[in-house]
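Encoded as structure tokens, the structure appears first; notes follow it.
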Amino acid sequence: MTIRVGINGFGRMGKLGLRLAFDLADNGHSYEIVHINEPDGDPTCHAHLLEFDSVHGRWNRDVEVAEDALIMGENIITFSAETGPTETPWSDTVLT
């Protein structure tokens, strides 16, 4: 069974959580990040910050952006910019 995860806040901890989920998935764990809510910045900015971290270094995964989503390989992670978790469309992404 795959555990579908949504991230509310994509600062340092949110980015590290996403990196960890992908690393765990590579080792047989079933995590799927499906949505990110971050009111500051846009997907293009966060894709760059995810790939080039000033503390943890470069992440060796290709991160692309298309229409409010991050694309990493076959994974499409939708992106919203709501100011709070209650306004975020979680049921459209995480619960389906």
Selected residue (only one of D53, D40 is surrounded by 13 or more Cβ atoms within 10 Å (Cβ to Cβ) and either aliphatic (A, V, I, L, M) or out of contact with any strand residue (DSSP E or B) (no Cβ under 9 Å at 6 or more places or on another chain) (or both)) | D53
Here, helices (runs of 4 or more DSSP H) confined to the chain with at least 2 residues that are touching a Lys or Arg at 6+ places or on another chain (Cβ under 7 Å) and modelled with pLDDT of 90 or more are 43-51
All conditions in (1) among the aromatic types (F, W, Y); (2) touching a Gly at 6+ places or on another chain (Cβ under 7 Å); (3) without any contact (Cβ under 8 Å) to a residue 40 or more places away in the chain are true of F52 except (2)
In the set S30, S80, S91, the lone residue that is in contact (Cβ under 8 Å) with a residue 12 or more places away in the chain, of a type outside the set (A, V, I, L, M), surrounded by fewer than 13 Cβ atoms within 10 Å (Cβ to Cβ) and within 19 Å of R4 (Cβ to Cβ) is S30
Considering region 55-96 alone, what residues qualify as being within 17 Å of N37 (Cα to Cα), more than 13 Å from the chain's Cα centre (by Cα) and not small (G, A, S)?
-> E67, E82, T83, P85, T86, E87, T88, P89, W90, D92, L95, T96
Residues that are closer than 21 Å to T86 by Cβ, over 13 Å from the mean Cα position of the chain (by Cα) and among the acidic types (D, E), drawn from region 1-54 = D40
Given the residues I7, I77, I71, which is the only one that is among the aliphatic types (A, V, I, L, M) and touching a helix residue (DSSP H, G or I) at 6+ places or on another chain (Cβ under 6 Å)?
-> I7
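The values are calculated or read from the model by the stated rules, or taken from the named source; none is laboratory data. All values reported here derive from a predicted model rather than from experimental measurement. Virtual Cβ from ideal backbone geometry, glycine too; neighbours counted across all protein chains shown.
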